[in-house]
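To keep things clear, I will list the structure first and then write my remarks on it.
The values are calculated or read from the model by the stated rules, or taken from the named source; none is laboratory data. Keep in mind the model is a prediction, meaning the values are calculated, not measured. Heads up, the Cβs are rebuilt from the backbone with ideal geometry, glycines too, and the neighbour counts pull from every protein chain shown. To get the accessible areas, we keep the full protein, side chains included, count just its heavy atoms, and leave off ligands, DNA and RNA. Shrake-Rupley method; radii C 1.70, N 1.55, O 1.52, S 1.80 Å.
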Amino acid sequence: NEYKSYLRMSVINAGTPPRPNSLAAYTTLSANDITPDSSKVHVIPSTNQVRWLQTIIRNKNTEHGDFVFHADRLIRLVIEEALNFLPTLDKSIITPGGSEYQGKSFQKGSCGVSLVRSGEAMEKSLRECCRSIRIGKMLIRRQDNELAEQPPKVIYVRLPPDIAHRNVLLMYPLMNTGGTIHQSILELEKNNVPQENIIICTLFVTPTALSKLHSNFPDVRILTTEINYDCALHFGERYFGTDI
């Protein structure tokens, strides 16, 4: 519709667009509303269950225990879907009944990278799905005395030494401006990780962040549950119980 077209052009041409009314802030968009080439952007189906989990996570009155429980469930859905983008091999096995079954097995060589601190909330689900997977970490933040226009700085990096030959699940629950994820991808590129090997796993992403990332890293894949101007800020504080 006209409003979604207006949002899309505003994001592309001017960064964060104005919000004509309060309802606009909660308008859920599709990848096609933001970028003409949406083949690298994947939004999991908005089922009743997904909307229910999002509602609990967004509710300011949700208690800490409920927030963690339902956030873990939504994270698990994203991680499970992300595994579908990892390379597989054909594999033939014999069932207990003696029949031959043509199945699949994952290729070795994938890893996770979490962005401290909120990205660490996604490690549990990844380890539950892939028990022996290696997980690296990055700490990227903007110092308190730095201007908002300055990019955040990489403070700490610990990556698998052979990460250049791995598929990387880059875990960060929310992308508001895209600055932190942007710096993390630059760091991965410094370690010779191809863009096409990077899969961003996130729960919420704004149109501004999505447009920025797609413009700078067109071959990076992005997997999320929702594209929305309300990015569920303070996720890390609420998940780890430091918002009290």
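For the reader, a short list of remarks on this structure follows.
- Near pairs, Cβ below 8 angstrom, 6+ apart or cross-chain, from the stretch 121-135 (more than 26 Å from residue 241 (Cα to Cα) and open to solvent by less than 100 Å² (accessible area, probe 1.4 Å)) to any residue that is part of a helix (DSSP H, G or I) and of a type outside the set (Phe, Trp, Tyr): 130/83; 133/126; 133/127
- Index of the failed condition, residue 107 passing every other in (1) over 20 Å from residue 85 (Cα atoms); (2) modelled with pLDDT under 95: (1)
- Pick from the stretch 161-218, criterion among the basic types (Lys, Arg) and open to solvent by 40 Å² or more (accessible area, probe 1.4 Å), ranking: modelled with the highest pLDDT: 190
A quick yes/no check of all residues on (1) open to solvent by 60 Å² or more (accessible area, probe 1.4 Å); (2) more than 30 Å from residue 196 (Cβ to Cβ); (3) modelled with pLDDT of 65 or more:
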site	(1), (2), (3)
33	no, no, no
70	no, yes, yes
80	yes, no, yes
83	no, no, yes
89	yes, no, yes
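- Only one entry in 116, 154 is under 21 Å from residue 181 (Cβ atoms), open to solvent by 30 Å² or more (accessible area, probe 1.4 Å), touching a helix residue (DSSP H, G or I) at 6+ places or on another chain (Cβ under 6 Å) and touching a residue at least 12 places away in the same chain (Cβ under 8 Å), namely 154.
- Scan of the stretch 55-68 for residues that are open to solvent by less than 70 Å² (accessible area, probe 1.4 Å) and in contact with a helix residue (DSSP H, G or I) (Cβ under 7 Å, 6 or more places away or on another chain), ordered by number: 56, 57, 62, 67, 68
- Residue within the stretch 79-93 that is among the acidic types (Asp, Glu), over 20 Å from residue 216 (Cβ atoms), part of a strand (DSSP E or B) and more than 20 Å from the chain's Cα centre (by Cα) present: yes
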